[in-house]
Every structure is written in structure tokens, then in C-alpha cells.
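Below: one structure, written as C-alpha cells.
Nothing in this text is a laboratory measurement; each read-out follows from the coordinates by a stated rule. Remember, it's a predicted structure, so these values are computed and weren't measured experimentally. Cβ coordinates were reconstructed from backbone atoms using ideal geometry, including for glycine residues, and neighbour counts include every protein chain displayed.
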Protein chains: 2
Amino acid sequence: MKKLAFLLIASAAATLSAPAMAQFAKPEDAIKYRQSTMFVMQQNFARVAGMSAGRVPFDAKIAAESAEVAAYMAKLPWAAFGEGTDKGTTKAKAEIWSDKAKFNDYAEKMQGEMNKLNAAAKTGNLDSIKAAVGAVGGSCKTCHDAFRS
Amino acid sequence: MKKLAFLLIASAAATLSAPAMAQFAKPEDAIKYRQSTMFVMQQNFARVAGMSAGRVPFDAKIAAESAEVAAYMAKLPWAAFGEGTDKGTTKAKAEIWSDKAKFNDYAEKMQGEMNKLNAAAKTGNLDSIKAAVGAVGGSCKTCHDAFRS
């Protein structure tokens, strides 16, 4: 039973950490997909950041739920940056495809910071949340400065 | 330890099943949020449905990953149908707010079918996936027919 439980947990973790291998019908779908996932992530992150900055009253339950969704969403955009999705209604810079290693590194760092925020939000400790919010914000900015026009 | 493990699992399940209490800065944000979450859900569901219909080769891993994301996304749009979000760039009918009980019932049924699809996709059995895809599609249509113009 213990072994089974371990396998189930390991399997769930693997599923959760793997980005969906996105295969899009059209490049426009891929562009809309990454923009949609980032918007949903941003909305949830912004809610926690607003509490962290004292702009809205701190609600530990809402902060935890929002951070959970933001961390989940943080995994999704990357599969939608495939070849041929650099043209269209997008602010994506050509460097995303010419310097993929750096882009992937920044994307992974953001996901790591978002996971830390998720963990912090589960504790309900506002100081921990504030620190994690700052780190997430920094990782967003670093990537946007380099790869978003 | 068993009790702790149970509490941890129960706590995780509660977090996952509760929709984020969305508080949006503007009605347009709420409208964009529900459209974005539904688009991400649809893209993942469509990938599994395409395999189910034989339009694309069946890949059990991709089907499982996509169904997992679709089931997660299925929980998110509903918090963004608050009061005052009925006007703007939206196909949402007024009946969503005048017959909220029915709308919520349809929304819950869809989530239930999507959870069944997620479970079916994890087994890798294509016949089970086909049956679940049909039920999800039916639940989408029922709600769209009643509540989307």
C-alpha cells in the first residue's frame, strides 16, 4: 500500500509538472493560448500582490486560492511558443526563438518563484507572501524586458 | 501520521475544488478572464476530442496531460460571472443572472463530466475516453444553447 501510494503521488507530481504538449491547429491559436494563460496567471497573481502591497485587505484563503491558480497557470504558456508563432498579434520578440535557452531559463525561474509564492500563501504568513511576491514580480520583469516588445 | 496525511489530502482537495474567489478590478477583466479560461479549456479538450474522433493519432500521454489541464480550467470561469459583468464584449445571455441556479447546475455538470474525462484519460483506454468526450461535449452544448447568444 505504501508503495502504491508513493507511485500514485509520484505519478500525479509528474503529470502536474509536465507542460501539456500543445499542438495547435493554427499559429493564432497558439498566440491566443499563451496570452490567455498569462492573463489568467496575472489576474490571480495581481490579487495576491494587491494584498501584499496593502491595496486590498489580506484574506488568507483568497490569497492561497489565487496563488494556487497562478502557479498552475505558470506552467502552461511555454508549449505555445513553437516555431512559426512569432508573427501576428503578439509582443513576442524574435529573441525568444533565437535565444531559446535563455528564454527557457527565465521561464523556469518564474515558475520556481511562483511555486514559492504558492507555498508561502498556503502558510498564510503575510511577510513570507510579500517576499515571494517581490521575487515573482522580479522574474516577470526580467523576462519581459528581454523578450517582450 | 495517517491522520496527518488524510488532513493534508483533504486540505489539498478542498483547495483544488474551490473556485478562486475572483475579485476583478474591472468588469472587462472578468469578461476576459472567463473567456480566457474557457479558451484554454477548449484548446485542451479539443486536442483529446480530436484523438477521440480519429482526426489525430492517439497519444495517451498527451491526452492525459490535456485532459488534466482541461479539468483544472473547467473550475475557473464561474467566479468571473459576477454582477455587472453582463455588458461588454460578451456572448453571455441575461439568463445567466436571471436563472443563476440553472446556470450553476449546468456549470457543475460540465465540471463533473470533465473530471470523468480526466479520469478516463489517465487510464489510457481510448473507448473510455471516447465516451467521456461525448458527455463533455453534450454538457458544453446544453449550457451554450441556453446561456450563450
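Could you grab me the full set of residues in the stretch A:104-149 that are among the hydrophobic types (A, V, I, L, M, F, W, C) and under 21 Å from A:G82 (Cβ atoms)?
Within the stretch A:104-149, A:A107, A:M110, A:C143, A:A146, A:F147 qualify.
Could you please find all residues in the stretch A:106-134 being within 13 Å of the chain's Cα centre (by Cα) and farther than 17 Å from A:G54 by Cα?
A:Y106, A:A107, A:E108, A:K109, A:M110, A:Q111, A:G112, A:E113, A:M114, A:N115, A:K116, A:N118, listed by residue number.
Taking the condition of being among the polar types (S, T, N, Q) and facing another protein chain (nearest Cβ under 7 Å), how many residues in the stretch A:30-44 meet it?
4
Give the stretch B:100-126 a look and list any residue that's over 17 Å from B:S139 (Cα atoms) and in contact (Cβ under 8 Å) with a residue 40 or more places away in the chain, or say none.
Passing the criteria: B:A121, B:K122, B:G124, B:L126.
Give the stretch B:45-68 a look and list any residue that's within 9 Å of chain A (Cβ to nearest Cβ) and more than 16 Å from B:G124 (Cα to Cα), or say none.
B:A46
Within the stretch A:69-95, take every residue that is surrounded by 20 or more Cβ atoms within 10 Å (Cβ to Cβ) and β-branched (V, I, T) and give me the one that is nearest to the other protein chains (Cβ to nearest Cβ).
Among them, the one singled out is A:V69.
Would you please name the residue that is farthest from A:L76 (Cα to Cα), looking only at residues in the stretch B:25-65 that are of a type in the set (S, T, N, Q) and in contact with a Leu (Cβ under 8 Å, 6 or more places away or on another chain)?
B:S52
Do we have B:E68 as touching a residue at least 12 places away in the same chain (Cβ under 8 Å) and more than 20 Å from A:K75 (Cβ to Cβ) here? So that I can check it myself, show each step before the final result.
Numbers: touching a residue at least 12 places away in the same chain (Cβ under 8 Å): yes; more than 20 Å from A:K75 (Cβ to Cβ): no.
Answer is no for this residue.
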